[in-house]
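Heads up, the thing below is written out as structure tokens.
The values are calculated or read from the model by the stated rules, or taken from the named source; none is laboratory data. Here the structure is a predicted model, which is why all the values come from computation and not from measurement. In this analysis, Cβ positions are derived from the backbone assuming ideal geometry, glycine residues included, and neighbour counts consider all displayed protein chains.
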Amino acid sequence: MSTAIKNQAIKGGEFLIKATEARDVFIPEEFTEEQLMIKQSCQDFLDQEIYPILDDIDSMKHPDLMPSLMDKAGELGLLGTAVPEQFGGFGMNFNTSMLVAEVLGAGHSFAVAMSAHTGIGTLPILYYGNEAQKAQYLPKLATGEWKAAYCLTEPDSGSDANAAKTKAELTPDGKHYVINGQKMWITNGGFADIYTVFARIEDDKYLTAFIVEKTRDGITMNEEEHKMGIKGSSTRQIFFNDCQIPVENMLSARQNGFKIAVNILNIGRIKLGVGGIGASKAVLGQATKYANERKQFGQSISSYGAIKHKLAETAAHVYASEAAHYRAGQNIDDAYDALVVEGMEPAEARLKSLEQFAIECAILKVHGSEVLDFVVDEGVQIYGGMGYSADAPMDRAYRDARINRIFEGTNEINRMLVLDMMIKRAFKGELDLMGPAQAVAKELVAVPDFGAGQEDVQFAAEKKVIGNLKKAALMIAGAAVQQFMQTLSDEQEILMHLADMLIQIYAAESALLRTEKLIGQRGEEACHHQIDMAKTYLHYAVDESQRAGKQAIYAFASGDELRMMLLGLKRFTKIDPFNLKEARRRIADAMIEKNDYIY
């Protein structure tokens, strides 16, 4: 059992009001030899099976190609990492499955097919199926003998998942449900063997989930969708016309479908985010190599400050996001372990642990997907004219990245969820947000604490900056809650600005904690580049928090309150000067020397 369980374990969302010690976070540098072997197996699979045929995959000329690649992945055990051994999988912990998702996230269209199968395709049955359903389906899903898809979205129900109109009607003899309806944007729809289908029974408030085998009568589908990116991923509309399935194929209980959808999306969100980090690393590696190879004005473009700025700034974003993902992943694993020790059944414990950190999952979905978009955009720019050519790798990377800000709930929805979940937990007494917010309000009229006597503490100044950013967020959130109360959910712009602050706080703090722990393991001399990245990202986070904070304050405050809050924001977003140009050059030079992303 980890130290985090032995101590008072942090709750989801509590990062805003409770300091985290570096010793209590997991960092990617701590992966075991076994986990690193799994990581290498995933990389070898991409190098040998995926990258050489990316054009063939995207062409969709060979309908059996993607299923055959899934078969190969299944033979290597890559489809069963989260499935318990009793059902033919490996039963790995959450952070190990995150590592697999990260590496394979660089696999373009294959990554989408893979994640849909192992995530939203398999996990509803793993976590909500009864023993008979698990025994029937999980072994085939773990090996890839059967492929899975998830049928939730409909033409009139995108972000509002519970608005689905597909119907399920019980037959007079009570032995079957007859499903009628239309689903769209179904990943793996063209070749999946089983679908998790969400439908409404009678006038139920919430949807119910069903396991539907493709061989059932009454299932038809449109041709493959023509998409901007991930062109090799099967995406179909699926129609259910008097599709009759046994009552035994109801997944979990009646009206539990919406709960299933929400909880499975929590997993999908954080894994989508970490997959974006894997893709970002691959793009940064390609951009670094090209910068070394491309000559302009008689020398490699990697020698120029403008290119070094791009390489280093994107590297710092990736470093911070990676730290944040595995920090949260370990929190989820620790919560799971604690619940199992208390006697909770493993599948329920996994769902509870993920639900506990749903705030962090939403944060990381946004951060990971937007870091990837930032990286690919700068990758195109580093390639210059070749970046816009379909003959160079940035074309595919740029197009394929864009879907991630829409998948698993748009980034706008996830931003609003971050604040909505946090405030709801506060109203329920699960998170004490108002106490710290009131303390910050009192501090605004008190003499500032200049932090004397902390100089000998590792990252003392940077930790104070993080603490002040949290105060800024609490100040604005507390004032917004007081003014709007129950109607704050209607103030979407304010919620999104506050979410931007929380996202930056979590990422910057994670980068700092990762670096502090790494220094404890390797010594400061060996961690100069990581220190540079943590500080570089912290400055970015301060700038972004100040921008978002101003926008939020402008949106609802006026008069003396406006002036007081702007003064508070200015006070709480101060940071000591730091030569970012030189730090970025050091970060970039190390990558340029190794001709790759090395962190």
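Which one is farthest from ILE264 (Cα to Cα) among residues in the stretch 132-156 that are among the charged types (D, E, K, R) and at pLDDT 95 or above?
Within the stretch 132-156, the match that is farthest from ILE264 (Cα to Cα) is GLU145.
Right, PHE191: closer than 23 Å to MET221 by Cα and under 20 Å from the mean Cα position of the chain (by Cα) or not?
Considered against the rule, which asks whether it is closer than 23 Å to MET221 by Cα and under 20 Å from the mean Cα position of the chain (by Cα), PHE191 comes out as no.
Can we say PHE556 is assigned by TED's automatic domain parsing to the domain that holds HIS539, of a type in the set (Phe, Trp, Tyr) and more than 25 Å from GLU313 (Cβ to Cβ)?
Taking the combined requirement at face value, the residue satisfies it.
Picking from ARG522, ARG563, which residue would you name as being basic (Lys, Arg), outside the structural domain of ILE382 (by TED's automatic domain parsing), surrounded by fewer than 22 Cβ atoms within 10 Å (Cβ to Cβ) and over 22 Å from ILE476 (Cβ atoms)?
Values: ARG563 fails: over 22 Å from ILE476 (Cβ atoms).
Going through ARG522, ARG563 in turn, just one is basic (Lys, Arg), outside the structural domain of ILE382 (by TED's automatic domain parsing), surrounded by fewer than 22 Cβ atoms within 10 Å (Cβ to Cβ) and over 22 Å from ILE476 (Cβ atoms): ARG522.
Residues in the stretch 245-255: is at least one buried (at least 17 other Cβ atoms within 10 Å of the Cβ), among the hydrophobic types (A, V, I, L, M, F, W, C) and in contact with an Asp or Glu (Cβ under 9 Å, 6 or more places away or on another chain)? Step through it out loud before you land on a result.
First pass over the stretch 245-255, keeping only residues buried (at least 17 other Cβ atoms within 10 Å of the Cβ): 245, 249-252.
Those left that are additionally among the hydrophobic types (A, V, I, L, M, F, W, C): 245, 250-251.
Pick out the ones that are also in contact with an Asp or Glu (Cβ under 9 Å, 6 or more places away or on another chain) and you get 245.
Yes, the stretch 245-255 contains a residue that is buried (at least 17 other Cβ atoms within 10 Å of the Cβ), among the hydrophobic types (A, V, I, L, M, F, W, C) and in contact with an Asp or Glu (Cβ under 9 Å, 6 or more places away or on another chain).
Got a sec? Which of ALA349, ALA312, ALA362, ALA306 is surrounded by fewer than 16 Cβ atoms within 10 Å (Cβ to Cβ), not assigned by TED's automatic domain parsing to the domain that holds ALA106 and not basic (Lys, Arg)? Walk me through how you get there before you give the answer.
Working: ALA349 fails: surrounded by fewer than 16 Cβ atoms within 10 Å (Cβ to Cβ); ALA312 fails: surrounded by fewer than 16 Cβ atoms within 10 Å (Cβ to Cβ); ALA362 fails: surrounded by fewer than 16 Cβ atoms within 10 Å (Cβ to Cβ).
None of the others qualify; the one that does is ALA306.
Within the stretch 140-169, count every residue that is assigned to a strand (DSSP E or B) and in contact with a Phe, Trp or Tyr (Cβ under 6 Å, 6 or more places away or on another chain).
Restricting attention to the stretch 140-169, the residues satisfying the condition of being assigned to a strand (DSSP E or B) are 148-151, 154, 157, 167-169.
Of the ones still in play, those that are also in contact with a Phe, Trp or Tyr (Cβ under 6 Å, 6 or more places away or on another chain) are 149, 151, 168.
Total satisfying the criteria: 3.
Of all residues in the stretch 152-168, how many are over 11 Å from LEU207 (Cβ atoms) and either of a type in the set (Lys, Arg) or surrounded by 14 or more Cβ atoms within 10 Å (Cβ to Cβ) (or both)?
The number of residues fulfilling the criteria is 2.
Within the stretch 568-581, identify whether any single residue is in contact with a His (Cβ under 8 Å, 6 or more places away or on another chain), buried (at least 18 other Cβ atoms within 10 Å of the Cβ) and of a type outside the set (Phe, Trp, Tyr), and answer yes or no.
yes
Where the second residue is of a type in the set (Phe, Trp, Tyr) and not in a helix (DSSP H, G or I) and the first is outside the structural domain of LYS352 (by TED's automatic domain parsing) and lies in the stretch 88-103, which pairs have Cβ atoms under 7 Å and are six or more apart or on separate chains?
Note: pairs meeting the criteria are ASN95/PHE26; LEU99/PHE31.
Could you list all residues from the stretch 116-131 that are within 16 Å of ASN266 (Cα to Cα) and either touching an Asp or Glu at 6+ places or on another chain (Cβ under 7 Å) or assigned to a loop (DSSP other than H, G, I, E, B) (or both)?
The answer is THR122, and nothing else.
I want to confirm something. Restricting to the stretch 47-92 and keeping residues that are hydroxyl-bearing (Ser, Thr, Tyr) and over 16 Å from SER234 (Cα atoms), which single residue is surrounded by the fewest Cβ atoms within 10 Å (Cβ to Cβ)?
Here is the first cut: in the stretch 47-92, the ones hydroxyl-bearing (Ser, Thr, Tyr) are 51, 59, 68, 81.
Checking which are over 16 Å from SER234 (Cα atoms) leaves us with 51, 81.
On the way: TYR51: 16, THR81: 22.
Applying the filter and picking the extreme gives TYR51.
May I ask you to list the residues in the stretch 510-556 that are closer than 29 Å to GLN483 by Cα and not aliphatic (A, V, I, L, M)?
ASP543, GLU544, SER545, GLN546, ARG547, GLY549, LYS550, GLN551, TYR554, PHE556
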